[in-house]
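I have a structure I would like to understand better, so I am pasting it below and will then ask my questions one at a time.
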Amino acid sequence: MKLMILKINFKNMTKGKIEKKGKTSKPTKKRRIVRSKRATLKEKIIGQLTISPFIETACRKLNIPRATIYRWMKEDIAFRGDVEEAIEISNGTINDLTKGKLLEAIKNNDAGMIKYHLSRRHEEYMQQKDVIIENKITLSPEKAAEIARRIKMWDNASIEEEEEDKDEEKESDDGKKDKKS
């Protein structure tokens, strides 16, 4: 009597039936409906994002959790690209509207808006910003000592200048007092 050994891969079993490797089952009607609804929701999300670039606003309007949209973006690269493009379009629209309002305010002689625009677009009115550059430089002990000496001289010179300015102010104040007497 021969024994037959039957190997069953339990991962490929579905409700007691053994599926053949390499073949996938057809999506059920329920899965097709879910996919169709998901595709419709994705289109609506894209539509909302072309109006307003905020994902949270689109989620609230469509009653969809934010996490769902982010999960779909992670799973579906094409959807992520569509979302990014819609947000870019919406941001462009908002920028155009903002520029229009700014120009309108400038035409109406709004001093604040004029100052704002010039401070960002005109070199003469831009505020100078200090630029700090950090570099690591290796110095010989002699060079380091020389730099330290020059910094001390510079600090002392500025202190002396401040003291001279104070003395001059005192003298001018004393001169004014003498004239009043």
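Does any residue in the stretch 24-42 that is within 20 Å of Arg80 (Cβ to Cβ) and modelled with pLDDT of 70 or more come within less than 6 Å, Cβ to Cβ, of a residue that is aromatic (Phe, Trp, Tyr) and not in a loop (DSSP other than H, G, I, E, B) six or more places away or on a different chain, and which pairs are these?
Cβ pairs passing all conditions: Lys42/Phe79.
For the stretch 45-60, give me each residue that is exposed (fewer than 14 other Cβ atoms within 10 Å of the Cβ) and under 30 Å from Arg120 (Cβ atoms).
Within the stretch 45-60, the first condition is being exposed (fewer than 14 other Cβ atoms within 10 Å of the Cβ), and the residues that meet it are 47, 54, 56-57, 60.
Hits for the stretch 45-60 are Phe54, Glu56, Thr57.
Let me confirm something: among Thr98, Thr28, which residue is among the hydroxyl-bearing types (Ser, Thr, Tyr) and under 27 Å from His117 (Cα atoms)? It would help to see each step written out before you state the result.
Working: Thr28 fails: under 27 Å from His117 (Cα atoms).
Exactly one of Thr98, Thr28 is among the hydroxyl-bearing types (Ser, Thr, Tyr) and under 27 Å from His117 (Cα atoms), namely Thr98.
Anything in the stretch 84-140 that is of a type in the set (Val, Ile, Thr) and modelled with pLDDT of 80 or more? List them, or say none.
Across the stretch 84-140, the qualifying residues are Ile87, Ile89, Thr93, Ile94, Thr98, Ile106, Ile114.
Taking the stretch 61-99 only, how many residues are closer than 24 Å to Arg35 by Cβ, surrounded by 12 or more Cβ atoms within 10 Å (Cβ to Cβ) and of a type outside the set (Asp, Glu)?
Selection size over the stretch 61-99: 13.
Still on this structure, please answer the following. Would you please list the contacts, defined by Cβ atoms under 9 Å and residues six or more apart or on different chains, that run from a residue in the stretch 86-109 that is closer than 25 Å to Gly47 by Cβ and polar (S, T, N, Q) to a residue that is part of a helix (DSSP H, G or I) and modelled with pLDDT of 90 or more?
Listed by first residue and then by second, the contacts come to Ser90/Leu49; Ser90/Thr50; Ser90/Ile51; Thr93/Thr50; Thr93/Ile51.
OK, next. Considering only the stretch 119-129, I want to know if a residue exists there that is part of a helix (DSSP H, G or I) and either β-branched (Val, Ile, Thr) or over 24 Å from the mean Cα position of the chain (by Cα) (or both). Break it down into steps so the answer makes sense when it comes.
Within the stretch 119-129, the subset part of a helix (DSSP H, G or I) is 119-121.
Applying the additional criterion that residues be either β-branched (Val, Ile, Thr) or over 24 Å from the mean Cα position of the chain (by Cα) (or both) yields none.
No: zero hits.
The values are calculated or read from the model by the stated rules, or taken from the named source; none is laboratory data. These figures come from a predicted structure and were not determined experimentally. Note that we place each Cβ from the backbone using ideal geometry, even for glycine, and neighbour counts take in every protein chain shown.
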